[in-house]
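Okay, so here's the structure we're looking at.
The values are calculated or read from the model by the stated rules, or taken from the named source; none is laboratory data. Predicted, not measured: the structure shown is a model, and the values here were computed from it. Don't worry about glycine lacking a Cβ; one is built from the backbone with ideal geometry, like all the others, and counts go over all protein chains shown. Only protein heavy atoms, including side chains, enter the accessible area calculation; ligands, DNA and RNA are left aside. Shrake-Rupley method; radii C 1.70, N 1.55, O 1.52, S 1.80 Å.
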Amino acid sequence: MRPVFVQFRCVPGRTYAVADAIYDREIVSELYSTSGEYDLMAKVYIPEDEDVGRYLSENLFDIDGIMRTLTTMTFKAF
């Protein structure tokens, strides 16, 4: 499994609804509210044989209330 971090900018007033919808999909290992440009940050483990972009698009990015996302790939844990 390959860990990636995804940040979500939500439509104003929709952050909690988006967080609930993300959590209901049961594919994130951790989900946090954040300050700054983005409202939420999730840690997602992507199966090695999956295309990261397609996996995230099909499993998360169709949630109503998401305005923008930022995906950070990971390489090595220290």
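Sorted by accessible area (1.4 Å probe), largest first, how do 1, 73 line up?
Descending order: 1, 73.
Summarised as an ellipsoid, the chain has semi-axes of 21, 14, 11 Å, derived from the eigenvalues of the Cα gyration tensor scaled by 5 and square-rooted, with the largest first. Here the accessible area is traced with a 1.4 Å probe on the protein chains. For the chain, carbon and sulfur cover 50 percent of it.
Comparing 44, 11, 28 in a Gaussian network model of the chain where C-alpha atoms under 10 Å apart are linked, the largest mean-square fluctuation is found at 11.
A Förster radius of 25 Å, combined with the Cβ-Cβ distance separating residue 76 from residue 30, puts the computed FRET efficiency at roughly 0.85. A 1.4 Å probe run over the chain, with the rest of the protein chains in place, finds 68 Å² accessible per residue.
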